[in-house]
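What follows is a single structure, written as structure tokens, with notes after it.
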Amino acid sequence: ETGVTQSPTHLIKTRGQQVTLRCSSQSGHNTVSWYQQALGQGPQFIFQYYREEENGRGNFPPRFSGLQFPNYSSELNVNALELDDSALYLCASSSSGTSLSYNEQFFGPGTRLTVL
Amino acid sequence: AQSVTQPDIHITVSEGASLELRCNYSYGATPYLFWYVQSPGQGLQLLLKYFSGDTLVQGIKGFEAEFKRSQSSFNLRKPSVHWSDAAEYFCAVGPYNQGGKLIFGQGTELSVKP
């Protein structure tokens, strides 16, 4: 069983560009959550996808968008990059987004985005 | 407002000494609490979680945490620290049934002296 994987590992962009980050969820998981972790800070919830639909969003502007595919992998897209978007982007997968029972989420190693 | 506060940004302990990392939370609903550990270049690993019941919960790697509702705290403890415990520790609070949407504290970096 493979864990959560993310690509690329590192990425450098310039202000105003667009970026796409990818996440492959753990086998059997249908829910993916994305977090932004700025340097020296804890992760901040961006949004969650459950069965290809957005299932909750944190306090992030619309230029942060996402997709979830039928195989439950996911993309995070950020348009019009700003310097403050420089961060580690983490994705986490779990087995259900709406069940009444807790389902542990497993985190990937993250993508380090640097915006110059 | 919902928030998690970890008052200690950096803690240094000697190997073999005991450890306590503090966490205070503010959450409107019943809090479901978590401690995660992050090593350099790694994702977050769940150490333990509290949903209900016994307020002292045991986790992996010899860690435990105690939930104190009256103090809105969920402190992490370990009786004897090992050099491999050096890492960043995050306390988080979130909804029970939605596997994500966690609110994290800013983290406590733990250094271990020989």
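Here are the numbers:
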read-out: B:LEU48 vs. criteria away from chain A (no Cβ under 12 Å), closer than 26 Å to A:TYR89 by Cβ and either at pLDDT 95 or above or surrounded by 17 or more Cβ atoms within 10 Å (Cβ to Cβ) (or both); value: no
read-out: Condition check for A:GLN48: within 9 Å of chain B (Cβ to nearest Cβ) and modelled with pLDDT under 95; value: yes
read-out: Verdict on A:GLY3 being assigned to a loop (DSSP other than H, G, I, E, B) and within 10 Å of another protein chain (Cβ to nearest Cβ); value: yes
read-out: Candidates A:LEU90, A:LEU81, filtered to the one that is in contact (Cβ under 8 Å) with a residue 40 or more places away in the chain, within 22 Å of B:GLY107 (Cβ to Cβ), of a type outside the set (S, T, N, Q) and surrounded by 18 or more Cβ atoms within 10 Å (Cβ to Cβ); value: A:LEU90
read-out: Filter pass, B:VAL13 being more than 12 Å from chain A (Cβ to nearest Cβ), within 14 Å of B:THR108 (Cα to Cα), at pLDDT 85 or above and assigned to a strand (DSSP E or B); value: yes
read-out: Residue in segment B:98-113 that is farther than 24 Å from A:LEU90 by Cα, part of a loop (DSSP other than H, G, I, E, B), at pLDDT 90 or above and away from chain A (no Cβ under 14 Å) present; value: no
read-out: Selected residue (criterion: nearest to the other protein chains (Cβ to nearest Cβ)) from residues of segment B:27-45 that are surrounded by fewer than 17 Cβ atoms within 10 Å (Cβ to Cβ) and within 16 Å of B:PRO95 (Cβ to Cβ); value: B:THR30
read-out: Exclusive hit being modelled with pLDDT under 95 and under 23 Å from A:PRO43 (Cβ atoms), set B:PRO31, B:PRO7; value: B:PRO31
read-out: Residue selected from segment A:92-116 under the condition assigned to a strand (DSSP E or B) and at pLDDT 95 or above, by the criterion farthest from the other protein chains (Cβ to nearest Cβ); value: A:VAL115
read-out: Sole exception among (1) closer than 25 Å to B:PHE51 by Cα; (2) modelled with pLDDT of 95 or more; (3) among the aromatic types (Phe, Trp, Tyr) for A:PHE64, by number; value: (1)
read-out: Segments classed as strands (runs of 3 or more DSSP E), wholly inside segment A:23-71, with at least 2 members that are hydrophobic (A, V, I, L, M, F, W, C); value: A:31-37, A:44-50, A:64-68
read-out: Some residue of segment B:75-93 being touching a Phe, Trp or Tyr at 6+ places or on another chain (Cβ under 6 Å), at negative phi, basic (Lys, Arg) and surrounded by 12 or more Cβ atoms within 10 Å (Cβ to Cβ); value: yes
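The values are calculated or read from the model by the stated rules, or taken from the named source; none is laboratory data. Quick caveat, the model's predicted, so the values are computed rather than measured. We place every Cβ from the backbone using ideal geometry, glycine too, and count neighbours over all the protein chains shown.
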